[in-house]
Amino acid sequence: MPRVLEAKAAMAERLELFMTTERGFEAVAADEVEELTGRKPEAVGEGRLLLKGSAKDVLLLNYCSNTLHRVVLLLLREEVETLEEVYSSALSVPFEELIAPEQSFAVRAERIGEHEFTSPEIAARIGQAVIDRYRRERGHRLRVNLKEPGVVIRAELSGRLLWLGVDTTGRSLHRRGYRAYLHPAPLKPTAAHALLRLAEWRHSEALIDPFCGSGTVCIEAVRWAWRMPNMLRKSSFLLWRLRFLPVEQLSRVAEEAEAGMRRRELKVRGCDISPKHLQGARVNARCAGIAGAVEFFTGDARELRYSEDVVIANLPYGLRMGSPRKVAKLYAGFERALASGSWRTAVLLTARPELYPAEPDEMLRVTLGTLPAKVMVFRN
């Protein structure tokens, strides 16, 4: 094997992967990562995980994970205080081994905490470091393309700690590609899947979402039970553009994941009081490739019998409903119906846990985007 190819093959087997997920669901995501790769990742902050892995893991985590938002090949982790230190740190990274001369690039930067400079300024200094390093090592000036870059460099400055890497994902993995109908208060599919795992739902068990909205929990349940990879997103992954990864090998890994799909009969039901949302849920299920796998029906969550094994609900928060009194009344009616049921586990997500009239067996604090919320777990 030529030395260059040998070096690339070695690099592809010794990668450090920086992964993001919804804040509060780190332990759930870590369990899934271990299932997919055989290795337990380290939690390195809110919504942040770190794993020593391989190119195969990059493909599996992008294609088969249901809890992750992004997978980044970590290049540098270093403390900095000034923009010049950001530039110097970035200048030490061998970008000439990661970006082909004919490829363009862009830098996406994010700050967490207080700094005397902005995220665009961080991106600009790192971008200049990439250009200067490449010109110094290869005598070539790389092109910048902010709209359609060949390679995306991701930077996150959390306090004084700079994380720098190459994005393998592109658009966040919570954007599955099946949401033709958008609910006014949608739940991210990654959060929906985390609720399923917290309920310890077994695929042979009956499951109901009594506030199903556009069907996200039910769709994610079927996708998990059928072992469906993110096929609607496959071609959009940025990993296919990275010349130092063994793309042909990764294509075969993707084919193996697709061959592992298993369609089966499930007992998954979704209820909503709105016929409009239910029609949207059916459209989304069809776009996800699971048409007919979920029983969607019109009903009032306060009048159901709850004989299913598992109940999962993203409760109306009241942010659009109006007064807390109206929300509390809804919660009280729902809790009375739920209390008379014969379910095993109920997992309820809400941003207004103080309005719910029953004490959960477990409570988990999460952040949905920027909204603080809590997951309440009840066992019967």
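Working carefully through the options Leu232, Leu239, Leu250, find the one that is in contact with a strand residue (DSSP E or B) (Cβ under 9 Å, 6 or more places away or on another chain), surrounded by 15 or more Cβ atoms within 10 Å (Cβ to Cβ) and not in a strand (DSSP E or B).
Just one listed residue meets the conditions, Leu239.
Listed residues Ala123, Ala100, Ala155, Ala106; which is over 20 Å from Arg70 (Cβ atoms), touching a residue at least 12 places away in the same chain (Cβ under 8 Å) and either of a type in the set (Gly, Ala, Ser) or in a loop (DSSP other than H, G, I, E, B) (or both)?
Ala100
Restricted to the stretch 48-85, and to residues that are assigned to a loop (DSSP other than H, G, I, E, B) and touching a residue at least 60 places away in the same chain (Cβ under 8 Å), which residue is farthest from Ser251 (Cα to Cα)?
Looking at residues that are assigned to a loop (DSSP other than H, G, I, E, B) and touching a residue at least 60 places away in the same chain (Cβ under 8 Å), I get Glu81.
Suppose we keep only residues that are over 22 Å from the mean Cα position of the chain (by Cα) and of a type in the set (A, V, I, L, M, F, W, C) within the stretch 131-160. Which one would you say is surrounded by the most Cβ atoms within 10 Å (Cβ to Cβ)?
Out of the qualifying residues, it is Leu142.
Being small (Gly, Ala, Ser), surrounded by 17 or more Cβ atoms within 10 Å (Cβ to Cβ) and out of contact with any helix residue (DSSP H, G or I) (no Cβ under 6 Å at 6 or more places or on another chain) is true for just one of Gly38, Gly47. Which residue is that?
Result of the check over Gly38, Gly47: Gly47.
Quick check: is even one residue across the stretch 196-211 touching a Ser or Thr at 6+ places or on another chain (Cβ under 6 Å), within 21 Å of Ala293 (Cα to Cα) and either buried (at least 22 other Cβ atoms within 10 Å of the Cβ) or modelled with pLDDT of 95 or more (or both)?
Scanning the stretch 196-211, I find at least one residue that is touching a Ser or Thr at 6+ places or on another chain (Cβ under 6 Å), within 21 Å of Ala293 (Cα to Cα) and either buried (at least 22 other Cβ atoms within 10 Å of the Cβ) or modelled with pLDDT of 95 or more (or both), so the answer is yes.
Restricting attention to the stretch 283-315, which residues are among the β-branched types (Val, Ile, Thr), over 22 Å from Arg263 (Cβ atoms) and in contact with a Cys (Cβ under 8 Å, 6 or more places away or on another chain)?
Thr298
Among the residues of the stretch 280-311, count how many are in a loop (DSSP other than H, G, I, E, B), within 16 Å of Met228 (Cα to Cα) and not hydrophobic (A, V, I, L, M, F, W, C).
Final tally of qualifying residues: 2.
Would a scan of the stretch 312-321 turn up a residue that is among the β-branched types (Val, Ile, Thr) and in contact with a helix residue (DSSP H, G or I) (Cβ under 7 Å, 6 or more places away or on another chain)?
Yes - at least one qualifying residue is present in the stretch 312-321.
Which of the residues that make up the stretch 253-279 are part of a helix (DSSP H, G or I) and of a type in the set (D, E, K, R)?
Passing the criteria: Glu255, Glu256, Glu258, Lys276.
The values are calculated or read from the model by the stated rules, or taken from the named source; none is laboratory data. This is a predicted model, so every value here is computed, not measured. Reconstructed Cβ throughout: ideal geometry from the backbone, glycine too, with neighbour counts over all protein chains shown.
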